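Novice: Following this message is one structure expressed as structure tokens.
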Amino acid sequence: MVVVLRPKRAFKLPVEAECITPDSFAGKSVDEIGKLKVWEGNRERSLNELFSVEGEIGAKPEEVMVKIFGDVHKVRRIGTQMSAGEIVVHGDVGFHLGEEMVGGKILVDGNAGSWLGSMMKGGVIEVKGDAGDYVGSAYRGSSTRGMSGGTIVIHGDAGNELGYYMRKGIIKVHGNVGQFTGVHMKNGIVVVYGNSEGRSGAEMTGGKIVVCGSVPSVLPTFTVEAVKSRVKINGEKLAGPFYLFKGDIAEEGEGKLYISKASNAHLKSYENLV
Amino acid sequence: MPIISNVTCPVCGSLCDDIEILVENNKVVKVKNACGLGESKFLNYNGHRLRKPLIRKNGELVEASIKEAIRRSAEILADAAYPILYGWSNTSCEAIRVGLELAEEIGGVIDNTSTVCHGPSVLSIQDVGYSTCTLGQIRHRADLVIYWGSNPWSAHPRHIERYTAFTQGRFQASIWYRYLAHLSAYRARRRLLRALKLSSVREAPTIEAEAGLPPTLFRKERKMIVVDVRRTRTADIADYFLQVEPNKDYEVLEALRALIRDEEIDMDTVAGVPVETLEELADVMIGCKFGVLFFGVGLTMSMGKLRNIDTAICMVRDLNRYTKFIIMPMRGHFNVTGSNVVSTWQTGYPYAVDFSHGYPRYNPGETSVVDILARGESDASLIVASDPVAHFPKAAVENLVRNPVIVIDPEPTPTTLMADVVFPSSFVGIETEGTAYRMDHVPLPLKKIVEPPSGCLSDMEILQRILAEVRKIKRETAEVA
Ligand code: SF4
């Protein structure tokens, strides 16, 4: 059963709408949903002041599908802590989408803002466009609340510090990524099909990062272990060859960093060390 | 003629508190002990200043009464749905405290200048913690001083003289005369080479970088190392200058960390520095008795930002397995540390605090003022003792001046020219007393040495009056409702 939300106007101020989740919509009438509280700047408003709400609402979260049409790139924290059901955004969406998400599915047609799926515990997020910085990251200053489960797939590019303090789960980026992918990563998997701006795996202690495109360089604290013909990630085989690095030795890390050999001719000197 | 002694200098984060000032007819006539920066502030502060409140009417700034200006500001702030309150590093802790109260009252975002200087340091300290001490301890005990991405000779002129290389500690000898000899020899050599270059057709020989570390780094007395991307004045007097390629600090720090842990590195050079040199440097760091790493904006604002500090702190943590090592940011404005401290004790967060939901929230990048302005989300601003129009990126400035701007500042700046309400305030530490925090988190009193011109209130008084007026407006609207 589908609920449709449409923004009534373009937003200038940041809008915080933690209530847009299947969990808080389930079992409510359209009117009741319209009365849920959201913040626009420092003013508290009800959801139907900012959005038109229509459709049918399921009784349980897993029966709720929320569809948002229009530009909601100023709207933050959609899908916070959702546990089931589905959210589909036809347009760009703001910061903290799917923060602390436990289950269910989020699909974004456009681009997503920073902190996408931060502190995520389960479920699936798929973004057709680009994502900002800190995809699947931890809360500021917290070393224990990184992404701990679930899947994030980004078809466009992603920014810096993707998977910061990641502990479990999988992030796939089909485009390019910025710097510090998997910084402080403890476990989990990151796959980058495009290029990386470098410093991947900085201070990682475990987990796997695969970069299929080019990197400017590898950090000095990674030691080359082998050249592998392919890598297997969750049943998917990625054709290599890949250089396999281990690190970050500055953290006594056991993380694995796979870098494509074909796209990185400048790393050839590492072969002498294998 | 009263000589006022033990005056604290309100210019840089070193906050020298040994300044002596001679005052005649409510005018500073002589300054002793201060460096050039401090002295010129004490002597010249009064030359070019604002004296009357201004309000923009029909597009022009016109003089107004203080009462009118307070009312106008309170109306702007009470009306705003996402106001920002920015600046704070050049005022007293007392004023900052009132500013935080005002931010809470109007549901605004309050941020200080660390957002554009040492914000990354704060973020990484929150990630990994850090070990530090006071400057006094460094002066008396440190036998190895490293300045990384920082040029105290120009930015904190008395830092070296009071706390590190040029001063003799109670428990740590310093052969400071060597530094002076070093400096004059270096300058003479530079002059000679320049003369040679000008007088001969042939290219003069350049000064070759030494391959290994100089033997002076292994002596007992205090040693000083400078790491930077270019040779600064501070580098000229150092025992050893390590030049790294721009934006490669992170790699160097990581490599040093691995070497400190006795790991091997697969590369021959890191950021243009041979690994052997780094190995020796790691040994010097491990071998010292009490080391200190001062880092500046060269590290916090080069590529990697907070991660540079993150790994620098981790390096210091690793070093503490072998010896005593501490790390300290070289804070710029005299009370930028204070603005972090006051904000932390009032709200739990050091900067970029968002009160829009009525309680403090914090997420730099989301709630930091530069980013809010760049996204064009705010609808009014209050700027205290700072000049964002001159220092922020263009897009942020455009969004700032598109909305009402209130400025409290003793001096005219590009920001006051673009403002809607301007309050002339008195100079903290010269005309008003207060408290400021030195870069090592030691609070020091700021003195009042002369009377302010009539009509110039202190930052704190202006803020208190705006706050009272905002509360009055809120009561009025509540009664009407
Ligand atoms: S070093 Fe800084 S605090 Fe000390 S006198 Fe100079 S400007 Fe003032």
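Novice: Would you confirm whether any residue within segment A:144-151 is among the basic types (Lys, Arg), open to solvent by 40 Å² or more (accessible area, probe 1.4 Å) and within 14 Å of chain B (Cβ to nearest Cβ)?
Specialist: Checked segment A:144-151: at least one residue is among the basic types (Lys, Arg), open to solvent by 40 Å² or more (accessible area, probe 1.4 Å) and within 14 Å of chain B (Cβ to nearest Cβ).
Novice: Quick one: A:SER24 ticks every box in (1) in contact with a strand residue (DSSP E or B) (Cβ under 6 Å, 6 or more places away or on another chain); (2) part of a helix (DSSP H, G or I) except a single one, so which number is it?
Specialist: The one condition A:SER24 does not meet is (1).
Novice: Related question: Mind telling me which of the residues A:PRO241, A:PRO216 ends up being open to solvent by 10 Å² or more (accessible area, probe 1.4 Å) and not in a loop (DSSP other than H, G, I, E, B)?
Specialist: On the way: A:PRO216 fails: not in a loop (DSSP other than H, G, I, E, B).
Being open to solvent by 10 Å² or more (accessible area, probe 1.4 Å) and not in a loop (DSSP other than H, G, I, E, B) holds for just one of A:PRO241, A:PRO216, which is A:PRO241.
Novice: Looking at segment A:203-215, I want the residues that are more than 14 Å from chain B (Cβ to nearest Cβ) and have a partner that is surrounded by fewer than 19 Cβ atoms within 10 Å (Cβ to Cβ) with Cβ atoms under 6 Å, at least 6 apart or on another chain. Which pairs are those?
Specialist: Cβ pairs passing all conditions: A:GLY206/A:ASN187; A:GLY206/A:GLU254; A:GLY207/A:ASN187; A:CYS212/A:TYR193; A:GLY213/A:GLY194; A:GLY213/A:SER263; A:SER214/A:SER263.
Novice: Suppose the filter is modelled with pLDDT under 95, part of a strand (DSSP E or B) and open to solvent by less than 40 Å² (accessible area, probe 1.4 Å); does A:VAL38 pass it?
Specialist: Working: modelled with pLDDT under 95: no; part of a strand (DSSP E or B): yes; open to solvent by less than 40 Å² (accessible area, probe 1.4 Å): yes.
Judged against the criteria, A:VAL38 is not a match.
Novice: Within segment B:121-133, which residues are in a helix (DSSP H, G or I) and either open to solvent by 10 Å² or more (accessible area, probe 1.4 Å) or out of contact with any helix residue (DSSP H, G or I) (no Cβ under 7 Å at 6 or more places or on another chain) (or both)?
Specialist: If the condition is that a residue be in a helix (DSSP H, G or I) and either open to solvent by 10 Å² or more (accessible area, probe 1.4 Å) or out of contact with any helix residue (DSSP H, G or I) (no Cβ under 7 Å at 6 or more places or on another chain) (or both), then B:VAL122, B:LEU123, B:ILE125, B:GLN126, B:ASP127, B:VAL128 are the ones that fit.
Novice: For segment B:1-35, what are the residues that are farther than 15 Å from B:ARG162 by Cβ and within 8 Å of the ligand (Cβ to nearest atom)?
Specialist: Correct list: B:PRO10 only.
Novice: Do the conditions hold for B:SER454, that is, is it small (Gly, Ala, Ser), open to solvent by less than 70 Å² (accessible area, probe 1.4 Å) and farther than 22 Å from B:CYS117 by Cα?
Specialist: So B:SER454 does not fit the description; no.
Novice: Additional query: Among the numbered criteria (1) assigned to a helix (DSSP H, G or I); (2) more than 20 Å from B:VAL341 (Cβ to Cβ), which one does B:LEU463 miss?
Specialist: (2)
Novice: Restricting to segment B:59-109, give me the number of residues that are within 13 Å of chain A (Cβ to nearest Cβ) and more than 25 Å from the chain's Cα centre (by Cα).
Specialist: Number of matching residues: 10.
Novice: Among the listed residues B:ILE286, B:ILE260, which satisfies the condition of being open to solvent by 10 Å² or more (accessible area, probe 1.4 Å) and more than 30 Å from B:ASN90 (Cβ to Cβ)?
Specialist: B:ILE286
Novice: So, of the residues in segment B:138-156 that are among the polar types (S, T, N, Q) and in contact with a Gly (Cβ under 9 Å, 6 or more places away or on another chain), which turns out to be surrounded by the most Cβ atoms within 10 Å (Cβ to Cβ)? Show your work before the answer.
Specialist: Keep residues of segment B:138-156 that are among the polar types (S, T, N, Q), which gives B:150-151, B:154.
Now narrow it down to the ones that are in contact with a Gly (Cβ under 9 Å, 6 or more places away or on another chain): B:150-151.
On the way: B:SER150: 27, B:ASN151: 19.
Across segment B:138-156, the extreme among qualifying residues is B:SER150.
Novice: Now, a different point. Looking only at residues in segment A:2-21 that are more than 13 Å from A:ILE87 (Cβ to Cβ), in contact with a helix residue (DSSP H, G or I) (Cβ under 9 Å, 6 or more places away or on another chain) and not in a loop (DSSP other than H, G, I, E, B), which one is least open to solvent (accessible area, probe 1.4 Å)?
Specialist: A:VAL15
Novice: When you go through B:THR337, B:THR344 one by one, which is the residue that is of a type outside the set (A, V, I, L, M) and crowded, with 24+ Cβ neighbours inside 10 Å?
Specialist: From the options B:THR337, B:THR344, the qualifying one is B:THR337.
Novice: Return the residues of segment B:441-460 that are in a loop (DSSP other than H, G, I, E, B) and not acidic (Asp, Glu); say none if nothing qualifies. Step through it out loud before you land on a result.
Specialist: Start the filter on segment B:441-460 by keeping residues that are in a loop (DSSP other than H, G, I, E, B), which leaves B:441-442, B:447-456, B:458.
Answer for segment B:441-460, where residues must be in a loop (DSSP other than H, G, I, E, B) and not acidic (Asp, Glu): B:HIS441, B:VAL442, B:LYS447, B:LYS448, B:ILE449, B:VAL450, B:PRO452, B:PRO453, B:SER454, B:GLY455, B:CYS456, B:SER458.
Novice: Hey, another quick one. Select from segment A:115-127 the residues that are over 17 Å from A:GLU18 (Cβ atoms) and either within 14 Å of chain B (Cβ to nearest Cβ) or not acidic (Asp, Glu) (or both) and list them in ascending order.
Specialist: Across segment A:115-127, the qualifying residues are A:GLY122, A:VAL124, A:VAL127.
Novice: Which one of the conditions (1) within 14 Å of chain A (Cβ to nearest Cβ); (2) within 16 Å of the ligand (Cβ to nearest atom) does B:CYS117 fail to meet, given that it meets all the rest?
Specialist: Answer for B:CYS117: the failing condition is (1).
The values are calculated or read from the model by the stated rules, or taken from the named source; none is laboratory data. Not measured: the values here are computed from a predicted model. Reconstructed Cβ throughout: ideal geometry from the backbone, glycine too, with neighbour counts over all protein chains shown. Each accessible area value is taken on the protein alone, full model and side chains, heavy atoms only, with ligands, DNA and RNA left out. Shrake-Rupley method; radii C 1.70, N 1.55, O 1.52, S 1.80 Å.
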